[in-house]
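The values are calculated or read from the model by the stated rules, or taken from the named source; none is laboratory data. This one's a predicted model, so the numbers in the text were calculated from it and none came from an experiment. Using ideal geometry, Cβ is built from the backbone for each residue, glycine included, and neighbour counts are taken over all protein chains shown. Each accessible area value is taken on the protein alone, full model and side chains, heavy atoms only, with ligands, DNA and RNA left out. Shrake-Rupley method; radii C 1.70, N 1.55, O 1.52, S 1.80 Å.
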Amino acid sequence: MSKVVRVAVTGAAGRVSSSLIVRLASGEVFGPETKVILQLLELPVALKNLEGAMYELQDCGFSTLKDVVITDDANVAFKDCNYALLVGAAPRGPGEQRKDLIRKNGPIFVGQGQAIAKNAASDVRILVVGNPCNTNCLIAYKNGKDVPADRWHAMTRLDHNRAVSALAAKAGVTNDAVTCVTIWGNHSNTQYPDFTNAKIGGQPATSVITDHAWLENTFVPNTQDRGKFIIDTTKVSSSFSAANGAIDHIKTLVRGTAAGDWTSAAVVSKGEYGVPAGLVFGYPCTASGDNNWKVVEGVKLDAFGQEKFKKTLDELLQEQEVVKDLLPS
Ligand code: NAI
């Protein structure tokens, strides 16, 4: 008998989710022997669009797609789900500050955290994509505390993939030659894309790309600001690359990281690298294919990296302060 996986996706009629749900249904993530039930959550105003997406999913004829549920009720969407991908959130409006967005979207993750704890399967894994994703994840986790802390993740994989691609292009190699990249901290422009521990073709990236000024003054800020660069170019934020980051995150959880490599994920800190326990922080992580992340220990940062690390940690602590009324103790 084939296995069945229930995957809840929020904001399912949005731009990121439109790419995400097709790939989840296709068998690419969970394999050809696993049937997928998609449980799609939207605001009432977007349900008609979501209905259209459901028909298109049916028309793909995927052998791995067992059912599609569309709903505006979080209790229905998260019922017995094994994975919950929290994408739905309001984007930043004209003139809005980051802290305005946090206050606008934060309450969404109070209710969704509670609904996940009440309804999800006992093995649920949650990936928060909706921004500001680290702090939204913190809110959902704190409000869904019946679900163990190690199940809650926020997405830094898009930033990771951007960093890999930029290093590969500079070195004139293909992306698969680049390993051991880390996005430390927040999915924001304070993140630290760490090139000092990265490898290219198994060699330290800094010995392959010897232009250290480029690494510090071009690679780091360009990776930090890549999301803005995409918006400036296309007038809308990243969509299929964001969906691809989420797909890669789940695929790696399911299948594991390659020997000698790691990836980037934001997880609930247990105090690793001096980060206060409970904060959702981007770390180097490995997975062994059992749906769990393990933070890589002992990665060293130079003075440049330590300064960047502190900046992104400080930002996350400030974000935590802004939403403290949404965090039950
Ligand atoms: P979008 O505006 O196209 O779609 C968002 C969808 O969420 C809309 O259909 C909206 O109706 C829905 N939504 C809003 N509140 C909801 C709620 N309470 N429950 C269920 N659905 C709700 O936005 P897009 O481009 O798909 O982006 C989605 C989120 O992903 C944004 O917050 C964006 O900033 C974030 N993002 C994160 C990235 C990352 O690397 N972590 C990368 C790119 C986007």
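Key figures
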item	result
Long-range amide H partners of W262 with built H, under 5 Å	C180, V181
Over the chain, relative contact order from alpha-carbon pairs under 8 Å, at least 6 apart, %	17 percent
Prolate/oblate/rounded call for region 160-236, Cα gyration tensor, a/c under 1.5 rounded	prolate
Relative contact order of region 3-154, defined on C-alpha pairs under 8 angstrom at six or more residues apart (%)	23 percent
Gyration tensor (alpha-carbon) shape descriptor, region 109-235, a/c threshold 1.5	prolate
Proximal lysines relative to K310, as straight alpha-carbon distance under 26 Å, when same-chain residues fewer than 8 apart are discounted	K99, K142, K199, K228, K270, K294, K300, K324
Region 157-321 shape via C-alpha gyration tensor axes, a/c threshold 1.5	rounded
Whole-percent carbon and sulfur share, accessible surface of the chain, 1.4 Å	52 percent
Under Karplus coefficients 6.51, -1.76 and 1.60, residue-wise ³J(HN,Hα) of region 207-216 in Hz, glycine/proline x	8, 8, 9, 8, 7, 5, 4, 5, 4, 6
Phi to ³J(HN,Hα) by Karplus 6.51 cos²θ - 1.76 cosθ + 1.60 over region 144-157, Hz, x for Gly, Pro	x, 5, 5, 8, x, 4, 6, 8, 9, 10, 10, 8, 10, 5
The chain: radius of gyration and largest Cα-Cα distance (Dmax), Å	19.1, 57
Structure-based [θ]222 nm, the chain - -39500 (n - 2.57) summed over DSSP H runs of at least 4, per residue, nearest 500	-12500 deg cm²/dmol
Of all DSSP beta bridges in the chain, antiparallel share, percent nearest 5	45 percent
Region 282-329-region 1-45 distance, computed between alpha-carbon centres (Å)	28 Å
Cβ-placed point charges (K, R +1; D, E -1), dipole of the chain about Cα centre in debye, nearest 20	180 debye
Amide proton proximity set for V129, modelled H, under 5 Å, gap of 5+	L86, V87
